[in-house]
1. Somewhere in region 7-18, is a residue open to solvent by 30 Å² or more (accessible area, probe 1.4 Å), of a type in the set (A, V, I, L, M, F, W, C), out of contact with any helix residue (DSSP H, G or I) (no Cβ under 6 Å at 6 or more places or on another chain) and within 13 Å of Leu79 (Cβ to Cβ)?
2. Give region 40-88 a look and list any residue that's in contact with a Leu (Cβ under 9 Å, 6 or more places away or on another chain) and farther than 18 Å from Val121 by Cα, or say none.
3. Report, by residue number, each residue of region 103-123 that is surrounded by 17 or more Cβ atoms within 10 Å (Cβ to Cβ) and among the small types (Gly, Ala, Ser).
4. Select from region 75-99 the residues that are out of contact with any Gly (no Cβ under 7 Å at 6 or more places or on another chain), of a type outside the set (A, V, I, L, M, F, W, C) and farther than 17 Å from Leu3 by Cβ and list them in ascending order.
5. Tell me which residues, restricted to region 12-29, are closer than 21 Å to Ser123 by Cβ and over 18 Å from the mean Cα position of the chain (by Cα).
Amino acid sequence: VQLQASGGGLLQAGGSLRLSCAASGPTDSYYVMGWFRRAPGKEREFVAAISWSGNTWYTDSVRGRFTISRDNAKNTVYLQMNSLKPEDTAVYYCAAARLRVGVPRTDLYYDYWGQGTQVTVSS
């Protein structure tokens, strides 16, 4: 399974950006797809996740500003980020997991990881 993330960039606070992550390989390998981020000097943290059937999870700091979605026909997950803040600056990673019990909020839940894409929000 390969995950290819794209869409990062540099923008000012209040702006919007959409990240994409295209998956390849057996579709049962990415029943759940998620986004994590790592800010400078911090641990990697969960951002959002979505199941094949469309169930979603968000961390509180992005709820209402970020929207995760997926196009199963394209094996692609998106993260629409609105009202961006400087504290959203981080390397964003997409991840994929097979169907399993549990809540997909920790990195241990996931089987595959894509390369990161940098998002920088200036004040």
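1. Yes: region 7-18 contains one or more residues that are open to solvent by 30 Å² or more (accessible area, probe 1.4 Å), of a type in the set (A, V, I, L, M, F, W, C), out of contact with any helix residue (DSSP H, G or I) (no Cβ under 6 Å at 6 or more places or on another chain) and within 13 Å of Leu79 (Cβ to Cβ).
2. Passing the criteria: Ala48, Ser51, Trp52, Ile68, Ser69, Val77, Tyr78.
3. Listed by number, the residues that qualify are Gly114, Gly116.
4. Narrowing region 75-99 to residues out of contact with any Gly (no Cβ under 7 Å at 6 or more places or on another chain): 75-82, 85-90, 96-99.
Cutting the leftovers down to of a type outside the set (A, V, I, L, M, F, W, C) gives us 75-76, 78, 80, 82, 85-89, 98.
Correct list: Gln80, Asn82, Lys85, Pro86, Glu87, Asp88, Thr89.
5. Gln12, Ala13, Gly14
Residues checked against (1) within 11 Å of the chain's Cα centre (by Cα); (2) basic (Lys, Arg); (3) surrounded by fewer than 18 Cβ atoms within 10 Å (Cβ to Cβ):
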position: Trp35; (1), (2), (3): yes, no, no
position: Val47; (1), (2), (3): yes, no, no
position: Ser53; (1), (2), (3): no, no, yes
position: Thr56; (1), (2), (3): no, no, yes
position: Leu84; (1), (2), (3): no, no, no
position: Asp88; (1), (2), (3): no, no, no
position: Val101; (1), (2), (3): no, no, yes
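Matching residues to (1) basic (Lys, Arg); (2) in contact (Cβ under 8 Å) with a residue 40 or more places away in the chain; (3) open to solvent by 50 Å² or more (accessible area, probe 1.4 Å):
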site: Val32; (1), (2), (3): no, yes, no
site: Gly41; (1), (2), (3): no, no, yes
site: Thr59; (1), (2), (3): no, yes, no
site: Ile68; (1), (2), (3): no, no, no
site: Thr76; (1), (2), (3): no, yes, no
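The values are calculated or read from the model by the stated rules, or taken from the named source; none is laboratory data. A quick note: this is a predicted structure, and the numbers were derived from the prediction, not measured. All Cβ positions, glycine included, derive from the backbone under ideal geometry; neighbour counts span all protein chains shown. Ligands, DNA and RNA are stripped out before the accessible areas are found, and what is left, the full protein with its side chains, is counted by its heavy atoms. Shrake-Rupley method; radii C 1.70, N 1.55, O 1.52, S 1.80 Å.
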